[in-house]
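Worksheet: the structure to be examined is printed underneath.
The values are calculated or read from the model by the stated rules, or taken from the named source; none is laboratory data. Everything numeric in this text was worked out from a predicted model, so none of it was measured. Cβ atoms come from the backbone with ideal geometry, glycine included; neighbour counts cover every protein chain shown.
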Amino acid sequence: MNHVYSPNEPPRAEVDALPGATLLEFGAPWCGICAAAQPHIAQALTGHPQLRHLKIEDGKGRPLGRSFGVKLWPTLVFLVDGQEMTRLVRPTDAGQIGQALAQQAQAVRAAHPASQPQA
């Protein structure tokens, strides 16, 4: 899990080209609601150390957040192969984040069956 919002956002085309599972977290370091959500996000991400987590500082004139239609913080956007699968706006518990992560993992398995271990 990333703990600091990066002021350097990647271009949208780069995000769209990311393979596998990615979690985009939009927020701001001074946002109290973002700070309150951090323990829930950290708890949910504990079982997903391989997950790409991009924590992006958002704000007026920030193109990546605008391209995703972000209006409230924190907004979590769950991507599979660069495509939005689901999003959570202002999550309030680790359970709802965990459910979204489970759906994301299932979508990755469906999209990449050859990469799964054989029984």
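Remarks
- Consider the stretch 41-77 and keep the residues that are of a type in the set (Lys, Arg) and farther than 9 Å from residue 27 by Cα. The one that is farthest from the chain's Cα centre (by Cα) is 60.
- When we screen 81, 16 for residues that are in contact with a Leu (Cβ under 8 Å, 6 or more places away or on another chain), in contact (Cβ under 8 Å) with a residue 12 or more places away in the chain and of a type in the set (Asp, Glu), the only hit is 81.
- Any chance residue 52 is at pLDDT 95 or above, touching a Pro at 6+ places or on another chain (Cβ under 7 Å), surrounded by fewer than 17 Cβ atoms within 10 Å (Cβ to Cβ) and not hydroxyl-bearing (Ser, Thr, Tyr): no
- Residue in the stretch 80-91 that is more than 14 Å from residue 26 (Cβ to Cβ), buried (at least 17 other Cβ atoms within 10 Å of the Cβ) and small (Gly, Ala, Ser) present: no
- Wholly enclosed helices (runs of 4 or more DSSP H) of the stretch 1-78 bearing at least 3 residues touching a strand residue (DSSP E or B) at 6+ places or on another chain (Cβ under 7 Å), acidic (Asp, Glu) and within 16 Å of residue 94 (Cα to Cα): none
- Failed item, numbered, when residue 67 is tested on (1) modelled with pLDDT under 95; (2) under 23 Å from residue 14 (Cβ atoms): (1)
- The requirement of being part of a helix (DSSP H, G or I), closer than 20 Å to residue 2 by Cβ and either in contact with an Asp or Glu (Cβ under 8 Å, 6 or more places away or on another chain) or at pLDDT 95 or above (or both) is not satisfied by residue 88.
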